[in-house]
Ligand code: HOZ
């Protein structure tokens, strides 16, 4: 038994499934997870001494690579001053200024501790602001483990076969209307069937918890129009895409202004964080100004703020987005060329530093297309890649992430290994 195997045995005795977040358990790809001893740049070093080129990047936050020296220095400096104050601190103000500067739609922002808290709070705020109960979400979109949002959800919920989680009262789920992504008719019908009842549409503008799905031309614009026409709050969940696909996320790329945005991952520089923000008129409904209650002992934690501020400042000074586009297209081309040579149907949706693999004949436009793809073929490639030093996400329904540290030999080497893996299928 190697070190990871024996750690997993011990973990399984005490932690459900041996993991603190389900996708990590490798249930869908098969086998047992490795344990990571340390991480540096684009590499994970396992407890068994294996060096892996990492395309999970801690599920998104590590946009500058692991253990980035600037983030480490910022955390070290903050650490010298204390780990948590329970009072306002100067970092929170700087963080709010940066977020408002980066994200076009955000006039005011509240920090919290995870993406789940961000979407949960944004939904509550939308309900409090509109005085309505129902929300629309899209099949395959994952917005964290929020009760009313774990309906036809993506990510681990889909991977492990619980898109509608047990433990959620039917009366809660009844307030969630689930429609197909890229299907404007269904969204319009939902408004017609529930006039003046829909508080919010919540959407990952580029769904990234069901592989990676891109919007048809005009789809996001239609959502904006329908929300405006019906007095409904449009919430973009940019926990995955925020700061990653552009400084201002998808909303900057597509030029659409949501009313609220949920954020997380990159703004914590690798420490636990979330945030939600948007129009001042809506945000001012939050306590202590308004009647919508939301709170957190560790919200605005100085260490997380210092790490996130360093990460955001680095994005501003380095502008890595053109480089991400090049690296992403290097991988995409290598994968598609290899699949063509092998005669395997493959779709590789890719935007900048995010890409996914669907073994499917046609582009994937929604949950149904994604779940019809050949996930077993992905699993075969996953294990080939792992054996040859490349770590892909352990589920066909997760997105691969590129970081600045992949630049150069890592991206080329990984492209070669993945192409060879496709040949070997
Ligand atoms: N929800 C994350 C993927 N979309 C998984 C987080 C984790 O397992 O660490």
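Numbers at a glance
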| quantity | calculated |
| --- | --- |
| Full-stretch length increase - residue 165, residue 284 - with 0.36 nm per residue and alpha-carbon distance subtracted | 39.6 nm |
| Principal semi-axes in Å for the chain [√(5λ), Cα gyration tensor, largest first] | 32, 27, 21 |
| Most fluctuating residue given options 194, 222, 43, as computed from a GNM of the chain linking Cα atoms under 10 Å | 194 |
| FRET efficiency, 1/(1 + (r/R0)^6) with R0 30 Å, evaluated for residue 133 and residue 225 via beta carbons | 0.85 |
| Pairwise FRET efficiency - residue 409 versus residue 387, Cβ, R0 = 22 Å, nearest 0.05 | 0.65 |
| Computed E for residue 297/residue 325 - FRET, C-beta separation, R0 45 angstrom, nearest 0.05 | 0.65 |
| Stretch gain in nm, segment residue 253-residue 316, where the contour uses 0.36 nm per residue and the Cα spacing is subtracted | 21.1 nm |
| Orientation-averaged projected area, Cα convex hull of region 271-425 (nm²) | 12.6 |
| Global form of region 204-261, assessed from the alpha-carbon gyration tensor, a/c cut-off 1.5 | prolate |
| Computed over region 125-238, the ratio Rg/Rh where both radii use C-alpha atoms and Rh is Kirkwood | 0.94 |
| Rel. contact order, % - alpha carbon contacts under 8 angstrom, at least six apart, region 116-161 | 32 |
| Kirkwood Rh in Å, taken over all unlike Cα pairs in region 1-95 | 15.9 |
| Full-stretch length increase - residue 362, residue 67 - with 0.36 nm per residue and alpha-carbon distance subtracted | 102.3 nm |
| Length-normalised contact order of the chain in % [C-alpha pairs under 8 Å, at least 6 apart] | 22 |
| Calculated P(r) tail over 19 Å for region 161-220, as whole % of Cα pairs | 43 |
| Where only C-alpha atoms are counted, convex hull volume of region 317-374 per residue in Å³ | 74 |
| Region 245-299 versus region 327-376: alpha-carbon centroid distance in Å | 31 |
| Cα-based equivalent ellipsoid of region 182-333: semi-axis lengths in Å, sorted from largest, via gyration tensor | 28, 24, 12 |
| Contact order normalised by residue count of region 164-275, Cα under 8 Å, 6+ apart, percent | 20 |
| Three-way shape label, region 43-109, alpha-carbon gyration tensor, a/c 1.5 | oblate |
| Spacing of the two label points (7 Å from each Cα toward its C-beta) at residue 1 and residue 38, in nm | 2.6 |
| Gaussian network model of the chain, Cα within-10 Å springs - most flexible of 16, 33, 69 | 16 |
| Average projected area [Cα convex hull, region 23-145], square nanometres | 11.5 |
| Simple spin-label estimate for residue 333 and residue 107 in nanometres, 7 Å along Cα-Cβ | 4.5 |
| Whole-Å distance, taken between Cα centres, linking region 6-42 and region 154-182 | 25 |
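Values in this text are rule-based calculations from the coordinates and carry no lab data. These figures come from a predicted structure and were not determined experimentally. Because the Cβ atoms are built from the backbone with ideal geometry, glycine has one as well, and the counts that use them run over all protein chains shown.
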